[in-house]
Amino acid sequence: MTVSATERAIGILDSGVGGLTVAREVMRQLPRETIYYVGDTARCPYGPRSTEEVRRYTLEIVEFLMSQPLKAILIACNTATAAALQSVRERVSVPVLGVIEPGARAAIKVTQNHVVGVIGTQGTIESGAYEQALRRIHPHLTVHSLACPAFVPLVESGYRRTELADRIVHDTLQPLHKTGLDTLILGCTHYPLLADAVQKAMGPDVNIISSAEETAVELSTILQHQGLLTMMKAPRHRFFTTGEAEPFARIAEDWFGYPIEVEQITLSESDAAGMKTQTW
């Protein structure tokens, strides 16, 4: 049966469960839209991996998603956005969004002293993607970046609401305390799951920015402009993971507040070499 363009799903991909923070915001702003979410938990974290490796993994997920009826793709992973956004856009015919540009815009809207911090995975920070995005909009902004490699494993292992998490977050963020920043971008979609600990560590006067809200606004605008918003009243979300379904479902249920059915999938790396010319 042919699915009309408006009834197609929004594909959201991430290295693991972190992109659920973006998915939840998309669901809040676009409650009628169906979401197909893929978390590559078997190969998480992406942060320490090479740009080419992250790009290859991202394209494998995109290949799987494009086998489904989609109207748009949202790369809800900062590392994957930095490594593969343009590559994905060159290969698919649907709109493709990342999370870096929306996060940068959100930070610039709220900073008062024009000193902004960015925390993210090693890959995101080393790419300089946030600093470039921020300075394209505000050339004279002062930006302080810090890689936080321990944060993603904390979230993926289910330890985010523990004293251990509070201590690790506090100790990791110490280098940012003397920078004078008034705004801190959570430059990884896993990090909003640690937002309370981050706010506690940075103090009440620092604005904590997640790109989820701004990204969802941008997605809504694009779908409306292209006449792709659905009129369905009962969305049919699907959640996929490359790792074990049970831990993924447990974290997802904790975040959404209701039971989530998760399907385990296998992504083949053997096709990655041929993706340079393949389009979907």
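Tell me whether the range 98-112 contains one or more residues that are farther than 18 Å from Ser211 by Cβ, assigned by TED's automatic domain parsing to the domain that holds Pro175 and out of contact with any Cys (no Cβ under 9 Å at 6 or more places or on another chain). Scanning the range 98-112 turns up at least one residue that is farther than 18 Å from Ser211 by Cβ, assigned by TED's automatic domain parsing to the domain that holds Pro175 and out of contact with any Cys (no Cβ under 9 Å at 6 or more places or on another chain). For the range 247-273, filtered to residues that are loosely packed, with under 10 Cβ neighbours inside 10 Å and closer than 28 Å to Ser87 by Cβ, the residue that is modelled with the highest pLDDT is Thr266.
A quick yes/no check of all residues on (1) aliphatic (A, V, I, L, M); (2) under 15 Å from His237 (Cβ atoms):
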residue	(1), (2)
Gln29	no, yes
Ile35	yes, yes
Gly39	no, yes
Pro48	no, no
Glu53	no, no
Pro69	no, yes
Ile75	yes, no
Ala80	yes, no
Ala84	yes, no
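Starting from the range 243-260, keep only residues that are more than 18 Å from Ser15 (Cβ to Cβ), then list their pairs with residues that are of a type in the set (S, T, N, Q) whose Cβ atoms are within a distance under 9 Å, requiring at least 6 positions of separation or different chains. Close Cβ pairs satisfying both conditions: none exist. Looking across the range 190-204 at every residue that is hydrophobic (A, V, I, L, M, F, W, C) and surrounded by 17 or more Cβ atoms within 10 Å (Cβ to Cβ), the one that is modelled with the lowest pLDDT is identified as Leu193. Screening the range 134-189 for residues that are β-branched (Val, Ile, Thr) and modelled with pLDDT of 95 or more and picking the one that is surrounded by the most Cβ atoms within 10 Å (Cβ to Cβ) gives Ile185. Scan the range 116-125 and tell me whether some residue there is within 21 Å of Gly19 (Cα to Cα), in contact with a helix residue (DSSP H, G or I) (Cβ under 9 Å, 6 or more places away or on another chain) and surrounded by fewer than 20 Cβ atoms within 10 Å (Cβ to Cβ). The answer is yes; a qualifying residue exists. Are any residues in the range 126-158 farther than 21 Å from Thr242 by Cα, in contact with a Phe, Trp or Tyr (Cβ under 8 Å, 6 or more places away or on another chain) and of a type in the set (A, V, I, L, M, F, W, C), and if so, which ones? Val143, Cys148 - these are the residues of the range 126-158 that are farther than 21 Å from Thr242 by Cα, in contact with a Phe, Trp or Tyr (Cβ under 8 Å, 6 or more places away or on another chain) and of a type in the set (A, V, I, L, M, F, W, C). Scanning the range 112-146 for residues that are of a type in the set (A, V, I, L, M, F, W, C) and assigned to a loop (DSSP other than H, G, I, E, B) returns a single hit, Leu141. If you go through the range 228-242 one residue at a time, do you hit one that is closer than 17 Å to Ser4 by Cα, surrounded by fewer than 19 Cβ atoms within 10 Å (Cβ to Cβ) and either among the β-branched types (Val, Ile, Thr) or free of Cβ contacts under 8 Å to residues at least 40 places away in the same chain (or both)? Looking for residues that are closer than 17 Å to Ser4 by Cα, surrounded by fewer than 19 Cβ atoms within 10 Å (Cβ to Cβ) and either among the β-branched types (Val, Ile, Thr) or free of Cβ contacts under 8 Å to residues at least 40 places away in the same chain (or both), one finds at least one in the range 228-242, hence yes.
When Gln226 is tested against the conditions (1) in the same structural domain as Thr21 (by TED's automatic domain parsing); (2) in contact with a Ser or Thr (Cβ under 9 Å, 6 or more places away or on another chain); (3) not hydroxyl-bearing (Ser, Thr, Tyr), the lone failure is (2).
The values are calculated or read from the model by the stated rules, or taken from the named source; none is laboratory data. A quick note: this is a predicted structure, and the numbers were derived from the prediction, not measured. Virtual Cβ from ideal backbone geometry, glycine too; neighbours counted across all protein chains shown.
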